Amino acid sequence: MGGAPQLSVHGSPAPSVLVADDDESVLTLLGDVLTQMGLRVVKARGGIEAMAMFRKERPDLVILDIDMSPPDGVEICRRIKSDPVTALTPVVMVTGVGTSKEKLKSFEYGADAYFEKPVNLWELQARLKGLLRTKKLTDHLRERKGGGDLGPRVPVPSPVLLTPSPAGGRGGGVRVSTARGESSAASSGESGLKILIAEDEAATLDLLRSFFQTKGYEVALAEDGKEALARFKPGTFAAVLLDVNMPGLSGLQALEEIRRQDAHVPVVMLTAVRDRTVAHKAIDLGANDYILKPFNLEALEKNLIVKILMNEFA
């Protein structure tokens with residue numbers, strides 16, 4: 001595959017990726033793609049070999065097939081994410097027989113991304129690039145703290161499903177149902193963090209607003225890039241969520257201007273459009289991540305928390 005983003009830097013070791021799958025053809029395909037990206041690839045065939053290779057190699061990122069010989073991918077993900085030493089290692093789940101239950105369980109255990117076979121390779125490349133950038137920053141922070149823990153661990157969240165409340169409509173409220181019960185957008189959290197969300201689709205904007213307010217965030221909303229820039233001021237927000245395709249000033253244009261004003265605030269791009277060129281451009285312009293809709297909201301928040309903590313301690 002030509003045009004794959006190169007992640008290794010001259011003079012520095014290439015990031016390592018463990019790929020675990022029972023299907024030899026999948027191992028070969030992913031191995032070739034990752035090698036062209038400049039990554040060092042370690043392959044495992046089945047769950048037992050995957051755990052052995054993970055302990056031996058301590059890779060920078062792990063790609064797991066869900067339906068492997070025991071332990072399966074979900075169980076391996078749980079083990080990696082439950083160990084404080086390896087909890088921040090990015091884990092990407094891949095499956096050919098995925099169900100919503102498996103997907104939610106993967107995210108509940110801390111998976112960072114989820115792909116169904118046949119895997120969209122440009123999307124995988126863009127996602128890995130963002131995850132490896134985050135991992136590099138995490139390792140840098142660990143070194144600065146003498147190899148210790150980065151601080152209090154964020155508990156693994158329950159899966160979340162959002163449904164309109166009877167009030168409905170924009171600003172009418174959305175109810176958040178998790179394995180721990182149900183709460184309304186008015187329920188209070190204590191994160192004390194302020195985030196900016198720019199999204200031109202009213203329903204999506206309302207879902208994001210309600211979810212993050214339920215978690216205790218202070219949320220500023222914008223319906224396009226121009227309004228987002230009018231609201232943005234350096235040092236005001238802990239993180240920014242930008243839809244890529246907005247009328248007038250696009251998310252990419254807003255991202256470029258935000259980066260001129262603030263080089264460090266975490267910015268995550270959201271989009272429903274699968275476009276490899278746009279994905280790579282967003283990362284090159286300074287986006288911390290590029291996430292395709294539909295997405296798991298709990299995983300999105302976990303993603304933001306990691307980026308906010310890294311920015312805070314950098």
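The values are calculated or read from the model by the stated rules, or taken from the named source; none is laboratory data. Given the structure is predicted, the values throughout are model-derived calculations rather than measurements. Neighbour counts run over all protein chains shown; Cβ positions are idealised from the backbone, glycine included. Remember, those area values only see protein heavy atoms, side chains included, never the ligands or the DNA or RNA. Shrake-Rupley method; radii C 1.70, N 1.55, O 1.52, S 1.80 Å.
Quick rundown of the values:
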| read-out | value |
| --- | --- |
| Residue-count net charge about P59 - beta-carbon cut-off 10 Å; Lys, Arg +1, Asp, Glu -1 | +2 |
| Amide H contacts under 5 Å for F295, placed H, 5+ residues apart | none |
| Modelled FRET efficiency - R0 51 Å, E256 with D23, Cβ distances, 0.05 increments | 0.80 |
| Ordering of 206-219, 226-239 by burial proxy (mean other Cβ atoms within 10 Å per residue, highest first) | 206-219, 226-239 |
| Linear extension gain, A52 paired with R79, 0.36 nm per residue minus alpha-carbon span | 8.5 nm |
| For E223, solvent-accessible area (1.4 Å; no DNA, RNA or ligand), Å² | 90 |
| Formal net charge of residues neighbouring Q261 (Cβ-Cβ distance under 13 Å; K, R +1; D, E -1) | +1 |
| Exposure rank, largest accessible area first [L241, L252; 1.4 Å] | L252, L241 |
| Local net charge near D243, Cβ-Cβ under 10 Å (Lys/Arg +1, Asp/Glu -1) | -4 |
| Rounded FRET efficiency, nearest 0.05, which uses the C-beta distance separating D67 from H264 and R0 of 25 Å | 0.05 |
| Extended-chain gain in nm, criterion 0.36 nm per residue less alpha-carbon gap, A202 and A230 | 8.2 nm |
| Gain upon complete extension [T277, T35; 0.36 nm per residue less C-alpha separation] | 85.1 nm |
| Apportionment of accessible area to carbon and sulfur, region 214-309, percent (1.4 Å) | 51 |
